[in-house]
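Q: Structure incoming, see below.
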Amino acid sequence: MVEHRDYNVVFDGSWNGFLCVVYAYYYDGVNPLIIQTEEDCQAMLETEAFYVATDDAKAARALGGIKKRICDDAAGKLYGAYLSGEDEKYMDMFRYVLLGFKKGAAVVDNLQEACVKRVHKLAGYVGRESHLLSGFCRFAETRQGVYYCAISPTNHVLGNLAEHFKDRFLNHAWVIHDRRHGLAAVYDGYEYVIAEVPKDAKIQYAEAEEEFQDLWQAFYDTIAIKERATYKRKRQVLPLKYRGMMLEQVPRFKKSGEVAAANGRVYLSVQNEVIAANAAIPLIP
């Protein structure tokens with residue numbers, strides 16, 4: 001029987017790092033009172049800090065135990081919660097694992113437990129945002145022939161989107177740029193990698209790109225039936241925070257970069273760059 005000792009646990013913030021925290025509890029007796037990433041770590045004077053190093057072999061063993069002793073669905077829910085942009089989620093994820101090892105697969109239906117309810121709620125947020133962005137992404141051709149799209153998601157859904165578009169744009173090189181988290185998924189036509197990229201990276205678009213975007217906006221405006229516009233319903237199916245990512249939802253701006261307004265929502269141009277979540281909107285030269 002492993003003797004447990006209380007610690008303020010710190011890890012590197014990765015998925016495998018969290019799984020190593022689970023492993024450390026069962027095999028090293030590390031009982032976390034709080035779990036923090038290195039980036040968010042705060043000194044706790046009353047509790048000894050313990051850094052859990054990431055070990056892929058230990059992480060694989062912990063994940064295998066979760067799938068075997070609980071279920072694959074629980075492992076998926078945990079990973080979904082991990083991808084959420086919420087703070088202080090790791091203790092609820094850890095309690096979920098402990099409860100799962102006691103109750104088995106039944107834990108996924110044990111929604112009266114606060115940790116189960118929150119993990120499922122966070123996983124649901126991530127799943128919904130991944131689904132919405134898979135339809136809201138707008139790609140634009142760059143001068144290099146690579147298709148580029150910028151997003152600004154609340155959660156860490158870049159990997160989910162990369163998997164989605166990898167199977168749909170098999171013969172095209174593309175980049176999905178997560179401006180909020182400073183990451184990009186880069187696909188060369190065979191496989192993709194996720195790397196750190198400046199949030200304000202500048203993009204040079206193909207000469208014909210602006211013309212195609214004008215045609216698309218003209219088409220969208222032409223088929224719209226103003227008399228049947230229902231803005232309340234539109235806000236339900238198309239949240240405001242995603243409007244700036246979609247070319248057809250952003251008004252056609254002037255070349256001078258003046259303030260443009262549409263439907264009561266103002267889009268500002270500062271320092272000759274349109275502030276919008278989707279870089280499919282060409283930057284003003």
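Each value in this text was obtained by applying a stated rule to the coordinates, not by laboratory testing. Just so you know, these numbers come straight off a predicted model, no measurement behind them. Note: ideal-geometry Cβ built from the backbone for every residue, glycine included; neighbour counts use all protein chains shown.
Q: With 19 Å as the limit, write out which pairs from Lys68/Lys121; Lys121/Lys232; Lys89/Lys121 have Cα-Cα distances beyond it, or answer none. Walk me through the numbers on the way to the answer.
A: On the way: Lys68/Lys121 23 Å; Lys121/Lys232 25 Å; Lys89/Lys121 11 Å.
Pairs exceeding the cut-off: Lys68/Lys121; Lys121/Lys232.
Q: Which lysines does Lys226 reach when only Cα atoms under 22 Å apart count, and residues fewer than 8 places away in its own chain are ignored?
A: Within the straight-line cut-off, Lys226 pairs with Lys234.
Q: Less than 12 Å Cβ to Cβ from Met245, Lys/Arg counted +1 and Asp/Glu -1: what total charge do the surrounding residues give? Mind showing how you got there, number by number?
A: On the way: positive: Arg138, Arg179, Arg180, Lys241, Arg243; negative: Glu129, Asp178, Glu248.
Surrounding charge for Met245 is +2.
Q: Given the peptides 223-229, 187-193, 122-128, arrange them by the average over their residues of other C-beta atoms within 10 Å, most packed first. Intermediate values should be presented prior to the final figure.
A: Working: 223-229: 7.3, 187-193: 13.0, 122-128: 18.3.
Top to bottom by mean Cβ count within 10 Å: 122-128, 187-193, 223-229.
Q: Calculate, for Ala201 and Thr154, the FRET efficiency according to 1/(1 + (r/R0)^6) with r their C-beta to C-beta distance and R0 30 Å; round to the nearest 0.05. The partial results should precede the final answer.
A: Working: r = 20 Å, r/R0 = 0.68.
My answer for the efficiency is 0.90.
Q: Still on this structure: May I ask for the net charge around Leu111, where only other residues with Cβ less than 11 Å from the Cβ of Leu111 are counted and Lys, Arg are +1 while Asp, Glu are -1? Show your work: numbers first, answer last.
A: Numbers: positive: Lys117, Arg118, Lys121; negative: Asp109, Glu113.
Charge balance in the 11 Å sphere: +1.
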